[in-house]
Amino acid sequence: MDSTIRPFKIDMADDRILDLRRRLAATRWPQPVVQDFSHGQAPALVRELAAYWADGFDWRAQEARLNRHPQFVTEIDGQTIHFIHVKSKEPNAMALILTHGWPSSPAEYLDLIGPLTDPRAHGLDPSTAFDVVIPSVPGMGLSSPLAATGWDAARTAAAWDTLMKRLGYTRYGAQGGDVGALVTRELGILAPQGLAGVHVQQVFAFPSGAAGEMEGLSPFEMEGFRTLESFRKYAGYVDIQSKRPGTLAYGLVDSPAALLAWNAELFFGFEGERAAQVDRDRFLTHVSLYWFTGTGGQAAEFYLANAASGAGYRDLPNDTPTAVAVFPDDFRSVRNFVARSHTRLLQWTEMPRGGHFASETNPDLVIEDLRRFFGRLPLEDAPSAHPR
């Protein structure tokens, strides 16, 4: 295994951009039975996104925005891992690894980088600053091609610990949402030496059937069961990606319109309820990274691997200091259910607004919650990294 860390720059060839535009122009559109969201993503929305992707979206501008941050690749457990690594100027900055969700990418965290690494420049107390590491999940975007089966949340968590130690960090924290929440939870369960705490946006814990467990739930938590019912009604993508990702892959890597519609499910909502909140340029940056790397199908393998192992959902004990940030327009974790397996649940925040991809839509809330949680942890094993 080559443990070298190599500088990386995104530079998609012009002919690949032209090919994307040709394919979008030649899209063979379905003949929808309905025009709304009841059978899938609405035709009008997907056509709007496709037209903008072909003729309005500026990939080069987004590529340059990503390239403003130092990027690297390395090999861990036989897998190419891409990551952004931005160091703080503050002398006692804590290392923090941020894990994106599906169908997202490291671009999910672009608005967090500045305030976390350079709080002084953003009017924040510089005593809580971070070095940030933002990897691409194996098989998703730039951490490709997927080298083997079995890259579930637990294996990814172990790779993240290897990455942080390879970068020289002896103490670090972790944060994640969606897929990233599964990986971050598994890091907490793994509890490697040097992991100071984990911060997640969801813990997918459900009623166990025990007597009295539904008593005493808050109105906020009870209201969340309506969101859960909606998810169960519409979330066919989970079943398909958990069972037949290889069949799905043919459409996702050959048709940009298919990839666009499939990846819109979580961002725009099953009923289009988040359409007004979604930054089209950011969303298309995510989709473009999947398209140019041909990883729309490989990304689904994460779900198959988790279904086989149970990783991310297991009620194994997590003894790592943990914070949970619950957003109202998202899966609402229930504190009593989470506490069954999380023995050091130190911070629980019911947010006033925000949804599934809060680091994009409500970065201010995520930043505040991260700074509050990690700022309260004891400064053990300092410094967190080798000398700069």
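Ranked by the mean number of other Cβ atoms within 10 Å of their residues, highest first, the peptides 207-216, 55-64, 284-293 fall in the order 284-293, 55-64, 207-216. What number of lysine-lysine pairs in the chain show an alpha-carbon separation below 27 angstrom, given a sequence spacing of 8 or more or placement on distinct chains? Close lysine pairs found across the chain: 6. Residues in region 264-307, backbone N under 20 Å from the label point at residue 206 (7 Å along the Cα-to-beta-carbon vector): list them, ranges by number please. Those under the cut-off are 266, 270, 302-307. The packing ranking of peptides 66-73, 98-105, highest mean first, is 98-105, 66-73, where packing means the average number of other beta carbon atoms within 10 angstrom of each residue.
Stretch residue 65-residue 314 to full length: gain in nm at 0.36 nm per residue minus the Cα-Cα span?
Working: separation 249, 0.36 × 249 = 89.64 nm, distance 3.75 nm.
Length difference between fully extended and current span is 85.9 nm.
Here the label points at residue 344 and residue 223, each 7 Å from Cα along the C-beta direction, are separated by 3.3 nm in the simple model. Stokes-Einstein D for region 133-220 at 10 °C, 1.306 mPa s, Kirkwood Rh over Cα pairs, in µm²/s? The calculation lands on 108 µm²/s. In order along region 82-96, phi translates into HN-Hα couplings of 9, 7, 8, 9, 10, 9, 7, 7, 6, x, 10, 5, 8, 7, 9 Hz, rounded to whole numbers, per the Karplus curve 6.51 cos²θ - 1.76 cosθ + 1.60 with θ = phi - 60° and x for Gly and Pro.
Suppose a student asked you for the relative contact order of the chain, using Cα pairs under 8 Å spaced at least 6 residues apart; what percent would you report?
Details: 699 pairs, mean separation 81.0, N = 388.
Over the chain, the number comes to 21 percent.
At a Förster distance of 51 Å, what's the computed FRET efficiency of residue 149 paired with residue 376, Cβ-Cβ distance as r, to 0.05? Spell out each step's value before the answer.
Values: r = 40 Å, r/R0 = 0.78.
So the FRET efficiency works out to roughly 0.80.
Compared with the direct C-alpha span, the chain from residue 213 to residue 58 gains 50.7 nm at full extension, assuming 0.36 nm per residue. On the principal axes of its alpha-carbon atoms, the chain has extents of 59, 54, 42 Å, going from largest to smallest.
Restricting to DSSP H runs of at least four residues, report the calculated mean residue ellipticity at 222 nm for the chain, -39500 (n - 2.57) per run over all residues, nearest 500 deg cm²/dmol. Could the numbers behind the result be given before it?
Values: 15 runs with 166 residues, N = 388.
Result for the chain, helices only: -13000 deg cm²/dmol.
In this rough spin-label picture, where each label sits 7 Å from Cα along the Cβ direction, the residue 16-residue 231 distance is 3.3 nm.
The Cα center of region 114-130 and the Cα center of region 55-100 differ in position by 18 Å.
When the label point is put 7 Å from the Cα of residue 276 along its Cα-to-beta-carbon vector, which residues of region 343-359 have a backbone N closer than 19 Å? 352-358, by backbone N distance to the label point. Beta bridges assigned by DSSP with both partners in the chain are antiparallel in approximately 35 percent of cases. Put simply, the convex hull of the Cα atoms in region 294-384 casts, on average, a shadow of 8.4 nm².
Looking at the square roots a ≥ b ≥ c of the eigenvalues of the Cα gyration tensor of region 52-193, which shape do they give, rounded for a/c under 1.5, prolate if a/b is larger than b/c, or oblate? The shape class here is oblate.
No lab work stands behind these numbers, since they all come straight from the coordinates. In this text the structure is predicted, and so the values were computed from the model without any measurement. All Cβ positions, even for glycine, are placed from backbone atoms using ideal geometry, and neighbour counts span all protein chains on display.
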